[in-house]
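The values are calculated or read from the model by the stated rules, or taken from the named source; none is laboratory data. The structure presented is a predicted model; accordingly, all values stated were derived computationally and were not measured. Cβ placement follows ideal geometry from the backbone for every residue including glycine, while neighbour counts extend to all protein chains displayed.
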Amino acid sequence: GAVVSQHPSWVICKSGTSVKIECRSLDFQATTMFWYRQFPKQSLMLMATSNEGSKATYEQGVEKDKFLINHASLTLSTLTVTSAHPEDSSFYICSAGEDRGTYEQYFGPGTRLTVT
Amino acid sequence: AQSVTQLGSHVSVSEGALVLLRCNYSSSVPPYLFWYVQYPNQGLQLLLKYTSAATLVKGINGFEAEFKKSETSFHLTKPSAHMSDAAEYFCAVSDPGYSTLTFGKGTMLLVSP
């Protein structure tokens, strides 16, 4: 149980284009979903937290107009990187949490974005 | 504010040797603590978690960790390392009642034959 999927697992796009990454909780309802960014050999940096049906809460320094997050249902959240630039190349990981007291997060497998 | 310090960006052990990965935390309230493992180009897998029950927590793959409030530590151990344990390990902390995790910088475990 508690499986989170991400699609695509990797994507290459040209500078100036937009890319959408999907995060799905497959066997549970996720009250909250999180988006992280991880640079090579570094830790995960929280980008934003989203709750179903409401606007995402972005961490300081994260451009909300560039990284659009939509949490349309209890099983799906999307991250759209708009007008991508090479510096947006990174490993993006989502996680989903269900409110069962321990607030455990279940992580997706990640999406490798390369902007050329 | 919470913070997590993982001592040692890299730890090298021989196969069969004891694994000890250190984690110290800072939190204004009794925290929830987690250890995750990450294999290359993959997401994070939960190894174990402390949520204010037993202070010695057993996880998957033979790992365990002990919550020591007096030392503000949550070190991860495994009696005998296996080659398949080679990966990046992250310690994380959250406040009870809040779902946001704060991660340490990670420790790369290297296992030599």
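Residues checked against (1) charged (D, E, K, R); (2) closer than 22 Å to A:Ala48 by Cα; (3) at pLDDT below 90:
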position: B:Leu21; (1), (2), (3): no, no, no
position: B:Thr51; (1), (2), (3): no, no, yes
position: B:Phe67; (1), (2), (3): no, no, no
position: B:Thr72; (1), (2), (3): no, no, no
position: B:His82; (1), (2), (3): no, no, no
position: B:Ser99; (1), (2), (3): no, yes, yes
position: B:Ser112; (1), (2), (3): no, no, no
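Of the residues that sit in segment B:46-70 and are free of Cβ contacts under 8 Å to residues at least 12 places away in the same chain and not hydrophobic (A, V, I, L, M, F, W, C), which one is farthest from A:Gln105 (Cα to Cα)?
Only one residue tops the list, namely B:Ser70.
What residue, among those in segment A:35-55 that are in a strand (DSSP E or B) and of a type in the set (S, T, N, Q), is surrounded by the fewest Cβ atoms within 10 Å (Cβ to Cβ)?
Looking at residues that are in a strand (DSSP E or B) and of a type in the set (S, T, N, Q), I get A:Asn51.
Could you grab the pairs with beta carbons closer than 6 Å, sequence gap of 6+ or different chains, first residue in segment A:59-70 and assigned to a loop (DSSP other than H, G, I, E, B), second one at pLDDT 95 or above and β-branched (Val, Ile, Thr)?
A:Lys66/A:Thr82
What about A:Gly16, is it loosely packed, with under 13 Cβ neighbours inside 10 Å, touching a residue at least 24 places away in the same chain (Cβ under 8 Å) and more than 18 Å from A:Phe107 (Cβ to Cβ)?
Yes, satisfied.
Of these, B:Phe34, B:Phe74, which one is closer than 25 Å to A:Gln42 by Cα and more than 14 Å from chain A (Cβ to nearest Cβ)?
So the residue among B:Phe34, B:Phe74 that is closer than 25 Å to A:Gln42 by Cα and more than 14 Å from chain A (Cβ to nearest Cβ) is B:Phe74.
Residues are listed down the side, and each one gets a yes or a no for (1) of a type in the set (D, E, K, R); (2) away from chain A (no Cβ under 14 Å); (3) over 23 Å from A:Pro40 (Cβ atoms):
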position: B:Val4; (1), (2), (3): no, no, no
position: B:Ser14; (1), (2), (3): no, yes, yes
position: B:Leu48; (1), (2), (3): no, no, yes
position: B:Thr55; (1), (2), (3): no, yes, yes
position: B:Gly62; (1), (2), (3): no, yes, yes
position: B:Glu66; (1), (2), (3): yes, yes, yes
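Go through segment A:72-89 and report how many residues are small (Gly, Ala, Ser), at pLDDT 95 or above and surrounded by fewer than 22 Cβ atoms within 10 Å (Cβ to Cβ).
2
Which one is modelled with the lowest pLDDT among residues in segment A:3-25 that are over 17 Å from A:Leu68 (Cβ atoms) and small (Gly, Ala, Ser)?
Once the filter is applied, the top-ranked residue is A:Ser25.
Which of (1) within 28 Å of B:His10 (Cβ to Cβ); (2) more than 8 Å from every other protein chain (Cβ to nearest Cβ); (3) in contact with a Gly (Cβ under 9 Å, 6 or more places away or on another chain) does A:Phe107 not meet, given it meets every other one?
(2)
Looking at B:Ser94, B:Ser28, B:Ser70, which one is out of contact with any Gly (no Cβ under 6 Å at 6 or more places or on another chain), among the small types (Gly, Ala, Ser) and within 21 Å of A:Trp35 (Cα to Cα)?
Answer to the selection: B:Ser94.
Quick one: which residue in A:Phe67, A:Phe34, A:Phe28 is over 26 Å from B:Met108 (Cβ atoms), modelled with pLDDT under 95 and among the aromatic types (Phe, Trp, Tyr)?
Working: A:Phe67 fails: modelled with pLDDT under 95; A:Phe34 fails: over 26 Å from B:Met108 (Cβ atoms).
Exactly one of A:Phe67, A:Phe34, A:Phe28 is over 26 Å from B:Met108 (Cβ atoms), modelled with pLDDT under 95 and among the aromatic types (Phe, Trp, Tyr), namely A:Phe28.
Can you confirm whether segment A:27-34 contains a residue that is away from every other protein chain (no Cβ under 12 Å) and not in a loop (DSSP other than H, G, I, E, B)?
Checked against the condition, which is being away from every other protein chain (no Cβ under 12 Å) and not in a loop (DSSP other than H, G, I, E, B), segment A:27-34 yields no hits at all.
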